[in-house]
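Read-outs: derived from the displayed coordinates by stated rules, not from any lab. Everything quoted here is computed from the prediction, not taken from an experiment. Note that each Cβ is placed from the backbone with ideal geometry, even for glycine, and that neighbours are counted across all protein chains shown.
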Amino acid sequence: MASRRHVIADDLRTQISSGRFKAGERLPSEAQLAARYAVSTPTLRNALALLQGEGVVEKVHGRGNFVRHPIRRITYFGGGHTPDAKTATDAALRMSVRTTHLPARGDLTALLRVSVSSPLTEFLCISHAGKSPHSLARIYVPRDLAPADDPNGYTSCKEVWARLVELRPPLAEVQERVNARFPTPREAATLRISSALPVLAVTRVATDATGRVVEAARLVLPSDRADALFTHHTMSGDRRTEG
């Protein structure tokens, strides 16, 4: 027998798919829904968490639960010296970029192989589909390899990477570590996703010929909207394998 939370989630999902609740519309309050289904608030929230994990419903802090617009999927292309994430409707995604100068601390010291308090620059890139956050990336570079602050700011992660390519030495090696995990509370809040929705986490570390880390990036891609594609060329150069 299906649990009460699954019955409620199924009913709400049916109402959403039938158009009873439309994309962008706010659902009744949790108290109203709990009374309607004659369940406790925790049970109702568990039902909503199922829909949030599926990407059907989005909870906006202080405002309530909203029916999500269809989520645009992006594909992260790895294996290159410059990462890329594309969707068939790139123009529909907008980007916000925030630049912060900070000293190396915590795990950043090991990630960039620098001593504590070494000057770094962080670029926080968040893509948005409409008003909803879509994915995020944090790019770290040694301060001496960071471009001068642009008074007009950056409009995309691609623009940031293009400027970094101009300033850094040629890359000798790029390592990418990919793992699936649950988001941190900070990531879940930034991306407005359920803490139960797995994310695809990509950590890139790029080094030059001397072995110096000249760029490190952490990308967080919610699993309901992202795929990863890695293309590797064989030694003969006439065949490709994808994974």
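Quick look at the values:
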{"quantity": "CD proxy at 222 nm, helix term only [per DSSP H run n ≥ 4: -39500 (n - 2.57); per residue of the chain; nearest 500]", "calculated": "-7000 deg cm²/dmol"}
{"quantity": "Radius, Kirkwood style, for segment 4-67 when every pair of distinct Cα atoms is counted (Å)", "calculated": "11.5"}
{"quantity": "Listed residues ILE71, VAL39, THR207: farthest to the positive end of the dipole of the chain (Cβ charges)", "calculated": "VAL39"}
{"quantity": "The chain - percent relative contact order, Cα under 8 Å, separation 6 or more", "calculated": "18"}
{"quantity": "Folded to 0 to 90 degrees: helix 41-54 orientation relative to the chain principal axis, Cα", "calculated": "50"}
{"quantity": "Protection proxy ranking of 45-54, 5-14 - average other beta-carbon atoms within 10 Å, highest first", "calculated": "45-54, 5-14"}
{"quantity": "For the chain, built as a Gaussian network whose Cα springs stay under 10 Å, the top-fluctuating residue of PRO42, PRO119, PRO142", "calculated": "PRO42"}
{"quantity": "Max mean-square fluctuation residue, GNM over the chain, Cα-Cα springs under 10 Å, options GLY19, GLY55, GLY78", "calculated": "GLY19"}
{"quantity": "Segment 4-67, relative contact order [Cα under 8 Å, separation at least 6], %", "calculated": "42"}
